[in-house]
Amino acid sequence: MNATRVNQSDCPEVKVPVPLFLTIGVVSLAENLLVVVAIIWNRNLHSPMYCFICSLAAFNTIASLSKTWETLMIVFADVGQLEKTGSSVMKLDDVMDSLLCMSFVGSIFSFLAIAVDRYITIFHALRYHNIMTMRRTGAMLGIIWTTCGVVAMLMVRFFDSKFIMICFVAFFIISLAIICSLYVYMFMLARIHARKIAALPTSSGGRSRHQRWRGNSMRGALTLTILFGAIVVCWAPFFVHLIIIMVCPMNPYCECYRSLFQIHVVLLMSHSLVDPAIYAFRIAELRHTFRKMLLCSQWRRCS
């Protein structure tokens, strides 16, 4: 997946400095580990939605780790400390590509699970705790991680097959369409419900509480919509790259786009960097947990 054809056009390949790869990898690794630890540490975050967010952060951690590892291998190879053609290096490269595929597929599945959870939270609030139990959440996470591991190995093992590449691109497009449709449907129903609530008598005692609860739920859905937008922006250029490989591998204009491959990789890595920042700005409970973890100690108590 990391290899590109020799550029046959007049567009030189754009090179990204290795320190930039290392910086993005290390920072995103630290950020996502912080999210995972925060959710595990704070018992108030032990709910289905935060379990799925923790899973998403764990997949981002895997992506950051694999790209940082690969960058370090490139550095060692450039200074003569590592053979570029050894069989062990090729196997390690396959492992890292498998981890990157796993993180991508896992991110998509995590977004699907979060979208379903938000839908049930907003429109089936009274039955939410009966539907989304922690046992079912654990089973869903087990299925997601197992499926992602198997799919990643198959994708990397048979990635030279055009059929596998088509399936990979189709999975991305279909998943985006499903998630986008679900969010559009969710916001449309929320708007209808908001109009019905607005039509209720002003003296209704539960009206204000219901509005506050629904407002909080919709803010959560909006946060996850922003996260979804981030994955589209960061991953779409790479998938356009794959489509170009299949459709016009020798066209000089396509080669100009492919000369930007390293920038596409930077965008892939940036996705793992952006997600935790969105958590920190949009989710109050996580902000509070981060603040307690980073600023508090056993000598200084945080309220």
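At-a-glance table
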item	result
Sequence of Trp145, Trp235, Trp41 when ordered by accessible area, the most exposed leading, probe 1.4 angstrom	Trp41, Trp145, Trp235
Nearby aspartates and glutamates by direct alpha-carbon distance to Lys15 (threshold 18 angstrom, same-chain neighbours under 8 apart not counted)	Glu70, Asp78, Glu255
Area accessible to solvent at Met153, 1.4 Å probe radius, in Å²	120 Å²
Under 16 Å from the Cα of Lys67 - aspartates and glutamates, other chains or at least 8 residues apart	Glu31, Asp93, Asp94, Asp97
Accessible surface ranking that places the most exposed of Ser161, Ser110, Ser270 first, with a 1.4 angstrom probe	Ser161, Ser270, Ser110
Cβ-placed point charges (K, R +1; D, E -1), dipole of region 46-173 about Cα centre in debye, nearest 20	600 debye
Computed accessible area, Cys11, all protein chains, 1.4 angstrom probe, square angstrom	40 Å²
Region 28-71 - percent of accessible surface contributed by carbon and sulfur, probe 1.4 Å	70 percent
With DNA, RNA and ligands ignored, accessible area of Lys67 (1.4 Å probe; Å², nearest 10)	20 Å²
Ranking by accessible area, most exposed first, for Arg258, Arg191, Arg135 with a 1.4 Å probe	Arg135, Arg191, Arg258
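The values are calculated or read from the model by the stated rules, or taken from the named source; none is laboratory data. Note that the structure is predicted; figures quoted are calculated from it, not measured. Every residue, glycine among them, receives a Cβ derived from its backbone with ideal geometry; neighbour counts consider all protein chains shown. All accessible areas refer to the heavy atoms of the entire protein, side chains included, with ligands and DNA or RNA removed. Shrake-Rupley method; radii C 1.70, N 1.55, O 1.52, S 1.80 Å.
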